[in-house]
Amino acid sequence: MAAVDRPKTKPRVPAVDGWFTLDGDDGPALIGSRCQRCGTYSFPKQLNFCPNPACTSQDFDEVELSRHGRLWSYTNNCYQPPAPYVPPSGGFQPFAIAAVELEAEQMVVLGQLTAGVDVSELHVGQDVVLVVETLFEDDEAEYLVWKWRPIEPDATSGSAPRDQETHDA
Ligand SMILES: [Zn+2]
């Protein structure tokens, strides 16, 4: 049955269920798992065995991972990935992929960088923050994926700390 009064905003849902939440304490967050015995984290969450080969625990907690990380490595992806990747309406454009180190979890998580990021402007160790972007939408909802967004040291908007001044003229 068609809804007569369609809400102005469609529901925004993760394109892949269970990989991240939009309702984290501090915004969107990846959902991982933590071993109750040895504390090793996994992403995507792993609730059957511990990634630590020395650990035989079968008890895990589902946890939100840190939203902030550091660029550990990155590259430009020039080939269109297979489904579930959905190319933009104008056709495939190369995009940047990052491996991001999460300090608290001592792990590296892969993900795309936000659209428009030029890899020539990135550097290892740069701070990034987890954001969500729309992958595609249909009549029912907007389907979202997580991406890493570089934080500019001199950014004046958003939540970046402003305790760094630039002195070069
Ligand atoms: Zn373990």
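Nothing charged except the Cβ atoms of Lys and Arg (+1) and of Asp and Glu (-1): what's the magnitude of the dipole of region 59-104 about its Cα centre? Round to the nearest 20 debye.
Charge dipole of region 59-104: 440 debye, to the nearest 20.
Taking the Cα centre as origin and putting +1 on Lys and Arg beta-carbons and -1 on Asp and Glu beta-carbons, what dipole magnitude results for region 1-150, to the nearest 20 debye?
Here the size comes out at about 240 debye.
³J(HN,Hα) across region 115-128 via Karplus (A = 6.51, B = -1.76, C = 1.60, θ = phi - 60°), whole Hz, x for Gly/Pro?
For region 115-128, the Karplus curve yields 4, x, 6, 9, 4, 5, 9, 9, 8, 4, x, 5, 6, 9 Hz.
Normalized C-alpha radius of gyration of region 6-66, against 2.2 N^0.38 Å?
Output field value: 1.40.
Taking θ as phi - 60°, what are the ³J(HN,Hα) couplings along region 78-92 by the Karplus curve (6.51, -1.76, 1.60), each to the nearest whole Hz, with x for Gly and Pro?
With coefficients 6.51, -1.76 and 1.60, one gets 9, 10, 5, x, x, 4, x, 4, 10, x, x, 4, x, x, 5 Hz.
Test of understanding: in a Gaussian network model of the chain with alpha carbons linked when under 10 Å, which of P11, P82, P94 would top the mean-square fluctuation ranking?
Of P11, P82, P94, the most mobile in the Gaussian network model is P82.
Taking R0 as 35 Å, what FRET efficiency do you get between H68 and D139 from their Cβ-Cβ distance, rounded to the nearest 0.05?
The computed FRET efficiency comes out at 0.50.
What's the whole-number percent of alpha carbon pairs in the chain lying beyond 30 angstrom? Walk me through the numbers before you get to the answer.
Numbers: 3890 of 14196 pairs.
So the pairs more than 30 Å apart make up 27 percent of the total in the chain.
Mind listing which chymotrypsin sites (Phe, Trp or Tyr not before Pro) in region 72-104 are in a DSSP loop and have 10 or fewer other Cβ atoms within 10 Å?
On the way: sites: W72, Y74, Y79, Y85, F92, F95; in loops: Y79, Y85, F92.
Counting only loop positions with at most 10 other Cβ atoms within 10 Å, the chymotrypsin sites (Phe, Trp or Tyr not before Pro) in region 72-104 are Y79.
Specify whether the C-alpha gyration tensor of region 60-126 places it in the rounded, prolate or oblate class, a ≥ b ≥ c being the square roots of the eigenvalues: rounded for a/c under 1.5, otherwise prolate if a/b is larger than b/c and oblate if not.
It comes out oblate by the Cα gyration axes.
Read the figures in this text as sums done on the coordinates, not as results from a lab. Computed from a predicted model, the values in this text were never measured in an experiment. Counting neighbours? That spans all protein chains shown, and the Cβs are built from the backbone with ideal geometry, glycine included.
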